[in-house]
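Written out below as structure tokens is the structure these notes cover.
The values are calculated or read from the model by the stated rules, or taken from the named source; none is laboratory data. Note that this is a predicted model, so its numbers are computed, not measured. Cβ: placed from backbone, ideal geometry, glycine included. Neighbour counts: every protein chain shown. With ligands, DNA and RNA removed, areas are computed over all heavy atoms of the protein, side chains included. Shrake-Rupley method; radii C 1.70, N 1.55, O 1.52, S 1.80 Å.
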2 protein chains.
Amino acid sequence: MSPKSASSGVSRRALLSALAVLPALTGSVLPLPASAQTAAPGGALGSWNDGAAKQAILDFVRATTDRASPSFVAPEERIAVFDQDGTLWVEHPMYTQVVYCLDRVPAVVAQKPGLRDVEPFKTVLSGNRAAMAKLTMPDLEKILAATLTGMTTDEFNADVKKWIETARHPRWNRLYTELVFQPMIEVLRYLRDNGYKTYIVTGGGQDFVRVYAERVYGIPPEQIVGSVGGTKYGYGKDGKPFLTKEPKLLLNDDHAGKPEGIHMMIGRRPYAAFGNSIGDRQMLEWTAAGSGARLEMLVLHDDATREYAYGPAAGLPDTKLGTFTQALYDQAKKSNWTVISMKNDWKRIFAFE
Amino acid sequence: MSPKSASSGVSRRALLSALAVLPALTGSVLPLPASAQTAAPGGALGSWNDGAAKQAILDFVRATTDRASPSFVAPEERIAVFDQDGTLWVEHPMYTQVVYCLDRVPAVVAQKPGLRDVEPFKTVLSGNRAAMAKLTMPDLEKILAATLTGMTTDEFNADVKKWIETARHPRWNRLYTELVFQPMIEVLRYLRDNGYKTYIVTGGGQDFVRVYAERVYGIPPEQIVGSVGGTKYGYGKDGKPFLTKEPKLLLNDDHAGKPEGIHMMIGRRPYAAFGNSIGDRQMLEWTAAGSGARLEMLVLHDDATREYAYGPAAGLPDTKLGTFTQALYDQAKKSNWTVISMKNDWKRIFAFE
């Protein structure tokens, strides 16, 4: 994967301003809860308050699955796509995958001791948050390239699996996989119960998300579309073949890359699309441009008490992580896309509440 | 898509030596039969003779789907991959997609009249088979680039759909989609009936195969892995977004590209793989390298009467289209991959027999 890939859509400032609140690099090792997916009380969308957003979901499903509806959609055509960071789980103060990359630096340096005194690795190893906050975008790209490529796909999967089962979010001291939005888990299930195939379409690394998506979201690896790095087929000394992750970006699955990735990986236009930032705009446009009933929804982070408030809700500048810009807000209004207010539409945000 | 993509694995000689037997460029317009998939008589694998090949399929399915079996595979892990050309349908005298590209030259020249007197388009337009047989590989690549890129994905899909519903194979005067191997259609269905997700993994263009694969093979677009060209997102004058097919190769899905493509598009190692040529070798190796019961099968074209005989069966040189080389044959023997003899293992080859 090119160094750029994993950082697509991430502003340097947003990444680095968050470093100060991160815990030490070594993850804690508390036991993993059985599952972040708790059954929804009160029906299919039990964590949703009644309102326009919940109603839009119910109306869409009825319109596309009732055989008597003029907007009926054949089961094999039922595709729904979901951004991940900020749409299905918490993206603040930093994308989870970037935290993984920083946490992985010591292991990379242990294998390549020559990097110990080389920047930016030296700074990351120092644990000096003030110094880390000054890392440049090229610095970060070096870190992503060093930590996401060069190993076999099996090695990478095993390492991510181990990390994601122990690493914790600094604010809640909970596993990242516990910080999925319960109302969205209910939407995923509700759509699947109505014959929809649910996909994640993320700017993050496809291989990274695949490691935990089946367990956490009920979405299998073949339904994860993300930024894609090339792999290279080779043979071990025992003659067994393996794939090595290469520093070569095949798809930057963000912005225009999202509809391009949907075409490449799915080959059908989605009927429903969920996002939360400018990186999701083209995916929603592409979905909306189809005929018949389509559903486009944007999660607005306007709940600083229970989660975070950013974007137009908080008057934050457009350079902020996962930006829900005023322009996107205006486009949503004009295009009749539905904006989900976390504060008003969600009865609870996390399963553990 | 790069000019190279659609021609991956195709030797120039094989392509061109076949030109002489092709019909005129304009396809005939006889009505399309309801479906090339006819119900199999005599049970799930009714077109198979009893023998080692049929037994290998039955044994594999039993071993991986019987809960009491030590090789039981969870339903979500059941992935089976199939090469297309020469494995699921006839690949002689020329890959069907290459015939499409040649047929499309007049339409391309009509849109870009400047190409009329430019080689290689001039030669293709002349219909002079002897001259066409002398086209070089770079000539062919120009033809593939001109006919497979530059249009929107919707335009491409509509054009292929129209062509595939009328174009006919010169030997049988049947639609190409009627020239699917009935025993393989039965294997696809039998595996699906046992919880397997069936994928095509082809060196041909992913977008091309997706147009007809659901109707012909029962395999949806999202389960077609092929050579992938980039697309570019843009907006029409009406503000509607569209994707344009670009002359940029993202994945050459042949040889080592097959396991690489499987990783990219599926993200799981298959339990069963079917191929017929050296381009499928790495896909079979990758499948075989997994633990538990795995099935690797190669279709040997040894029936000149009912279809064609080539590869070791016919003593043809390794440069021949869809080559089943002696080296592949030896590797199959050594690795306990099962070779399917079309002549001996298949009771009938086509549904129309």
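Structure summary
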read-out: Answer residue from region A:148-163, given it is within 19 Å of the chain's Cα centre (by Cα) and surrounded by fewer than 16 Cβ atoms within 10 Å (Cβ to Cβ) and is farthest from A:GLU246 (Cα to Cα) among those; value: A:LYS162
read-out: Selected residue (only one of A:GLY218, A:GLY230 is out of contact with any Pro (no Cβ under 9 Å at 6 or more places or on another chain) and modelled with pLDDT of 95 or more); value: A:GLY218
read-out: Cβ-Cβ under 6 Å pairs, at least 6 apart or on other chains, region A:187-205 side among the small types (Gly, Ala, Ser), far side surrounded by fewer than 23 Cβ atoms within 10 Å (Cβ to Cβ); value: A:GLY195/A:PRO75; A:GLY195/A:ARG78; A:GLY203/A:SER8
read-out: Scan of region A:152-190 for residues that are within 14 Å of chain B (Cβ to nearest Cβ) and out of contact with any helix residue (DSSP H, G or I) (no Cβ under 8 Å at 6 or more places or on another chain), ordered by number; value: A:THR152, A:ASP154, A:GLU155
read-out: Filtered residues of region A:164-190 (kept if of a type outside the set (D, E, K, R) and either open to solvent by 10 Å² or more (accessible area, probe 1.4 Å) or more than 30 Å from A:ALA63 (Cβ to Cβ) (or both)); value: A:ILE164, A:THR166, A:ALA167, A:HIS169, A:PRO170, A:TRP172, A:ASN173, A:LEU175, A:TYR176, A:THR177, A:LEU179, A:TYR190
read-out: Qualifying position, being among the acidic types (Asp, Glu), open to solvent by 20 Å² or more (accessible area, probe 1.4 Å) and in contact (Cβ under 8 Å) with a residue 60 or more places away in the chain, among A:ASP139, A:ASP103; value: A:ASP103
read-out: Residue check for B:GLU77: open to solvent by 40 Å² or more (accessible area, probe 1.4 Å), within 14 Å of chain A (Cβ to nearest Cβ) and within 30 Å of B:TRP346 (Cα to Cα); value: yes
read-out: Positions within region A:210-228 being in contact with a Ser or Thr (Cβ under 6 Å, 6 or more places away or on another chain) and over 19 Å from A:VAL187 (Cα atoms), in sequence order; value: A:GLY226, A:SER227
read-out: Criterion: basic (Lys, Arg) and either more than 24 Å from A:ARG189 (Cα to Cα) or in contact with a strand residue (DSSP E or B) (Cβ under 7 Å, 6 or more places away or on another chain) (or both) - qualifying residue of A:ARG116, A:ARG67; value: A:ARG116
read-out: Any pair with Cβ under 6 angstrom, 6 or more apart, that starts in region B:265-276 at a residue that is among the aromatic types (Phe, Trp, Tyr) and ends at one that is open to solvent by 20 Å² or more (accessible area, probe 1.4 Å) and part of a loop (DSSP other than H, G, I, E, B); value: B:TYR271/B:ARG294
read-out: Residue among B:ALA80, B:ALA56, B:ALA74, B:ALA52 that is farther than 28 Å from B:GLY226 by Cα and either of a type in the set (Asp, Glu) or modelled with pLDDT of 95 or more (or both); value: B:ALA52
read-out: Complete set of residues in region A:266-278 that are farther than 26 Å from B:GLY261 by Cβ and under 15 Å from the mean Cα position of the chain (by Cα); value: A:PHE274, A:GLY275, A:ASN276, A:SER277, A:ILE278
read-out: Odd one out for A:GLU246 among (1) touching a residue at least 40 places away in the same chain (Cβ under 8 Å); (2) in contact with a Phe, Trp or Tyr (Cβ under 8 Å, 6 or more places away or on another chain); value: (2)
